1. So, of the residues in the stretch 70-92 that are outside any helix (DSSP H, G or I) and of a type in the set (Val, Ile, Thr), which turns out to be surrounded by the fewest Cβ atoms within 10 Å (Cβ to Cβ)?
2. Taking the stretch 35-78 as the region of interest, how many residues are aliphatic (A, V, I, L, M) and in contact with a Ser or Thr (Cβ under 6 Å, 6 or more places away or on another chain)?
3. Of the residues that make up the stretch 39-50, is at least one over 21 Å from the mean Cα position of the chain (by Cα), more than 15 Å from residue 118 (Cα to Cα) and not basic (Lys, Arg)?
4. Might you let me know whether the stretch 60-72 holds any residue that is within 22 Å of residue 122 (Cβ to Cβ), acidic (Asp, Glu) and either touching a helix residue (DSSP H, G or I) at 6+ places or on another chain (Cβ under 9 Å) or touching a residue at least 60 places away in the same chain (Cβ under 8 Å) (or both)?
5. Could you list, in sequence order, all residues of the stretch 99-109 that are under 22 Å from residue 12 (Cα atoms) and either assigned to a loop (DSSP other than H, G, I, E, B) or of a type outside the set (Lys, Arg) (or both)?
6. Are any residues in the stretch 108-126 within 11 Å of residue 7 (Cα to Cα), surrounded by 21 or more Cβ atoms within 10 Å (Cβ to Cβ) and either in contact with a helix residue (DSSP H, G or I) (Cβ under 7 Å, 6 or more places away or on another chain) or hydroxyl-bearing (Ser, Thr, Tyr) (or both), and if so, which ones?
7. Restricting the search to the stretch 21-57, which residues are charged (D, E, K, R), farther than 13 Å from residue 11 by Cβ, without any contact (Cβ under 8 Å) to a residue 40 or more places away in the chain and loosely packed, with under 15 Cβ neighbours inside 10 Å?
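The values are calculated or read from the model by the stated rules, or taken from the named source; none is laboratory data. The shown structure was predicted, so the numbers you read here are calculated from the model rather than taken from an experiment. Positions of Cβ are backbone-derived with ideal geometry, glycine not excepted, and every protein chain shown enters the neighbour counts.
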Amino acid sequence: MEKAKGILIDTNVLMSKKIKVLLSLDKPLYITPIVLLEYLKWVIESRNRALSQGNVERAKGYEKLIKLFPELIKQLNINFIEQGISADDINEVISLILERGVDPGDAINAITTKRSKLMIITGDKDWLRLKDYVADVLLT
């Protein structure tokens with residue numbers, strides 16, 4: 001594969017304390033609509049779980065986290081990459097899900113990383129099964 005043109009940030013990096021590692025990377029950073037959706041879903045589910053357990057302060061922490069997210073994107077100079085998945089890509093997505101055991105979001109993101117010649121930074125070793133779809137896998 002050609003030299004990577006940038007790095008896709010996996011959702012689990014945004015959710016972790018290892019997010020600071022993004023400051024040390026020297027290539028353009030990207031997230032996809034899927035990463036954005038997964039992140040927002042995680043924050044809202046975590047907030048709602050805290051509320052259901054009566055932990056209002058923790059819920060407020062998640063609310064603060066979601067409100068600060070746009071500023072984080074700006075500070076880290078993270079770009080959004082459109083995925084442009086077509087009907088023809090769906091067979092490949094399904095193949096990755098069934099044959100390699102990856103989740104649907106990762107399958108769609110794999111096609112995007114391959115098409116856009118991106119590396120991925122992740123804490124998910126499942127991406128090692130998708131090495132042929134990324135320029136490189138950076139495990140946090």
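1. Going residue by residue through the stretch 70-92, those that are outside any helix (DSSP H, G or I) are 76-88.
If we keep only those that are of a type in the set (Val, Ile, Thr) as well, we get 78, 81, 85.
Numbers: 78: 19, 81: 20, 85: 16.
Once the filter is applied, the top-ranked residue is 85.
2. 1
3. Yes, there is a match, as at least one residue in the stretch 39-50 is over 21 Å from the mean Cα position of the chain (by Cα), more than 15 Å from residue 118 (Cα to Cα) and not basic (Lys, Arg).
4. Within the stretch 60-72 (the criterion being within 22 Å of residue 122 (Cβ to Cβ), acidic (Asp, Glu) and either touching a helix residue (DSSP H, G or I) at 6+ places or on another chain (Cβ under 9 Å) or touching a residue at least 60 places away in the same chain (Cβ under 8 Å) (or both)), the answer is no, since none of the residues qualifies.
5. Once the filter is applied, which keeps residues that are under 22 Å from residue 12 (Cα atoms) and either assigned to a loop (DSSP other than H, G, I, E, B) or of a type outside the set (Lys, Arg) (or both), the stretch 99-109 yields 101, 102, 103, 104, 105, 106, 107, 108, 109.
6. 113, 120, 121, 122
7. Listed by number, the residues that qualify are 26, 49, 57.
Matching residues to (1) surrounded by fewer than 15 Cβ atoms within 10 Å (Cβ to Cβ); (2) at pLDDT below 95; (3) out of contact with any strand residue (DSSP E or B) (no Cβ under 7 Å at 6 or more places or on another chain):
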residue	(1), (2), (3)
96	no, no, yes
106	no, no, yes
128	yes, yes, no
138	no, yes, no
